[in-house]
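J.: For reference, the structure I am asking about is given below.
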Amino acid sequence: MIRTRFAPSPNGLLHLGHAYAAVVAHDLARARDGEFLLRIEDIDGTRSRAELVDEILADLRWLGLGWDGDVVFQSGRLASYGAAGERLKAMGLLYPCTCTRADIAAAATETGPDGLVYPGTCRGRSVDPANAAWRLDMARAAQLAGPLEWTDEVAGVQRARPELFGDVVLLRKEAPASYHLAATLDDAADGITLVTRGLDLFAASHVHRLLQTLLGLPVPVWHHHPLLVESDGRKLAKRRGSPALADLRRAGEDGHALADRLRAGRLPAGISLGGGVIGIP
Ligand code: GLU
Ligand code: ZN
């Protein structure tokens, strides 16, 4: 049985791009008699806002996208993130880093899928772990794991290239886990067999695939979908005027009809579905 999920971060109201992502995850599950889960990614303490969760649930109901089982909250899973972090530390794969953004900007020489690649400043240094972030020693981790592949059902089989990201942060100073660690652990804990999300996170799957092997987790299949973009090709963002679903809902728009228009690719003026990016062979 397949199981998909929609995993919004409650740090802003959902917009049409989120509605599209939720429709994709929901419909892929329903089309194959599978399950569709809802997971709230609420561990970014500085940006997460509890009051937005009710809005998200109301938006999904309004769109006609029912989920199976209880809503999962990442904030209820902190112990599992800590335990995985300890395990990776015991394997000698994490090191503490106290660099600021400015330190990294000054020393970085490469850019990866998430922006500047960490230049490795604290690797092999003795750093006080109090108030440090913990980074994955990517070269060591990749060597331990050996060559890996993963499958996107749209783009095909991919050779995992986590090294593109350099030494990513897995445990953060201000949050218990980074997106990469929390999402990977949760997808396994939730029994997700088909990870659906936007193409903007395609490259992140290289890192997630590595973490699955390091932590002995099951390997799902991925489905990265195109993003809704504005006429300048940039992805929708609420701050650039894309209406919030909550506003459309309160204005009395028909959410089921909106979901059907998204399914049919009938998008509001000025918005289109961006091109599909095919993975790196
Ligand atoms: N919480 C992430 C977001 O809102 C989604 C992560 C995922 O689907 O893996 O962009
Ligand atoms: Zn550092």
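J.: Just the accessible area for residue 148, please: 1.4 Å probe, Å², rounded to the nearest 10?
T.: About 20 Å², rounded to the nearest 10.
J.: To check my understanding: the extent here is largest minus smallest coordinate of the Cα atoms along each principal axis. What are those three numbers for segment 186-251, in Å, largest first?
T.: 46, 28, 17
J.: Another question, if that's okay. Once the convex hull of the C-alpha atoms of the chain is built, how many Å³ does it hold per residue, rounded to a whole number? Working shown, then result.
T.: Numbers: hull volume 39.0 nm³, N = 281.
Taking only Cα atoms, the chain has a hull volume of 139 Å³ per residue.
J.: Only Cα pairs under 8 Å and at least 6 apart count here; give the relative contact order of the chain as a rounded whole percent.
T.: So the answer I get is 23 percent.
J.: Turning to a different aspect of this structure: List the extent of the Cα atoms of segment 139-271 along each of their three principal axes, largest first, rounded to whole Å.
T.: 54, 36, 31
J.: Determine ³J(HN,Hα), in whole Hz, for all residues of segment 27-33 in sequence, where each value follows from phi through the Karplus function 6.51 cos²θ - 1.76 cosθ + 1.60 and θ = phi - 60°; x replaces Gly and Pro.
T.: 6, 4, 5, 5, 5, 10, 6
J.: Is segment 71-129 rounded, prolate or oblate when judged by the Cα gyration tensor, a ≥ b ≥ c being the square roots of its eigenvalues, rounded requiring a/c under 1.5 and prolate requiring a/b larger than b/c? Could the numbers behind the result be given before it?
T.: On the way: a/c = 2.51, a/b = 1.52, b/c = 1.65.
Cα axes put segment 71-129 in the oblate bin.
J.: Oh, and also: Just in segment 147-200: which trypsin sites (Lys or Arg not before Pro) are loop by DSSP and have at most 14 other Cβ atoms within 10 Å?
T.: On the way: sites: 159, 172, 173, 197; in loops: 172, 173.
Passing sites in segment 147-200 are 173.
J.: Moving to a separate point now. Please give the net charge around residue 142, taking every other residue with its beta carbon less than 15 angstrom from that of residue 142, where Lys and Arg add +1 and Asp and Glu add -1.
T.: Working: positive: 123, 135, 140, 159, 161, 209; negative: 137, 149, 163, 167.
The answer is +2.
J.: Which are the unpartnered cysteines of the chain, meaning those with no other cysteine Cβ under 4.7 Å from their Cβ?
T.: When partners are defined as cysteine Cβ atoms under 4.7 Å apart, the chain leaves 99 without one.
J.: Based on DSSP loop calls and a cut-off of at most 12 other Cβ atoms within 10 Å, the longest stretch of the chain free of exposed GluC sites (Glu not before Pro) is what?
T.: On the way: sites that count: 110, 153, 174.
That would be 1-109.
J.: All other residues with a Cβ under 13 Å from the Cβ of residue 116 taken together, and with Lys, Arg as +1 and Asp, Glu as -1, what is their net charge? Please report the intermediate quantities before stating the final value.
T.: On the way: positive: 101; negative: 103, 110, 114, 167.
Local charge sum for residue 116: -3.
J.: Assuming a ≥ b ≥ c are the square roots of the Cα gyration tensor eigenvalues, decide whether segment 176-220 counts as rounded (a/c under 1.5), prolate (otherwise, with a/b larger than b/c) or oblate.
T.: Rounded is the answer for segment 176-220, as its axis ratio a/c remains below 1.5.
J.: A further question on this structure: Would you grab the residues whose amide H sits under 5 Å from the one on residue 3? Only those 5+ places off in sequence or on another chain, please, with H modelled 1.01 Å from N.
T.: Correct list: 35, 193, 194.
J.: Still on this model: Taking Rh as the Kirkwood radius computed over C-alpha pairs, what is the Stokes-Einstein D of segment 91-197 at 4 °C in a medium of viscosity 1.567 mPa s, expressed in µm² per second?
T.: My calculation gives 85 µm²/s for D.
J.: Compute the separation of the alpha-carbon centres of segment 114-185 and segment 11-40 and state it in Å as a whole number.
T.: After rounding, the separation between the Cα centres reads 27 Å.
The values are calculated or read from the model by the stated rules, or taken from the named source; none is laboratory data. Small disclaimer: the values here were computed from a predicted structure and weren't measured. Don't worry about glycine lacking a Cβ; one is built from the backbone with ideal geometry, like all the others, and counts go over all protein chains shown. SASA here: full protein model, heavy atoms, side chains in, ligands and nucleic acids out. Shrake-Rupley method; radii C 1.70, N 1.55, O 1.52, S 1.80 Å.
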